[in-house]
1. If a residue must be surrounded by fewer than 17 Cβ atoms within 10 Å (Cβ to Cβ) and in contact (Cβ under 8 Å) with a residue 40 or more places away in the chain, how many such residues does the stretch 1-38 contain?
2. Right, residue 108: modelled with pLDDT of 90 or more and surrounded by 10 or more Cβ atoms within 10 Å (Cβ to Cβ) or not?
3. Pick out, from the stretch 1-93, the helices (runs of 4 or more DSSP H) lying fully within it that include 3 or more residues that are at pLDDT 95 or above.
4. Given the options 114, 102, 90, name the one that is farther than 25 Å from residue 5 by Cα and within 19 Å of the chain's Cα centre (by Cα).
């Protein structure tokens, strides 16, 4: 069974010398949100916040949660299989848009890097 973000947070907190306040400052999230995780009032948090909290511990979210790539793919496949054909089409279109945005961003970054290297 996959652990919750709260469970992973508690494990990482116990294994580190970091304090909740320090993590909140470094991650740019509220102390209250982290205390809610620590004391079990909430099990998960917003994706953007989770990414930043995991980064404080030097990890990606999937590493923070202890998931392997195979587990991630399996979980994703199971969830997609539960969707209707229409919902799968919407998901596919959304993923295409996200990947297109990522590609466009990478191309723009590469172009900017090349322009910076060229003599003026």
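1. Of the residues in that region, 4 qualify.
2. no
3. It comes to 5-15, 20-27, 31-38, 47-56.
4. None of the others qualify; the one that does is 102.
The values are calculated or read from the model by the stated rules, or taken from the named source; none is laboratory data. Values in this document were obtained by computation on a predicted structure and should not be read as measured data. So basically every Cβ, Gly included, is an ideal-geometry build from the backbone, and we count neighbours across all protein chains shown.
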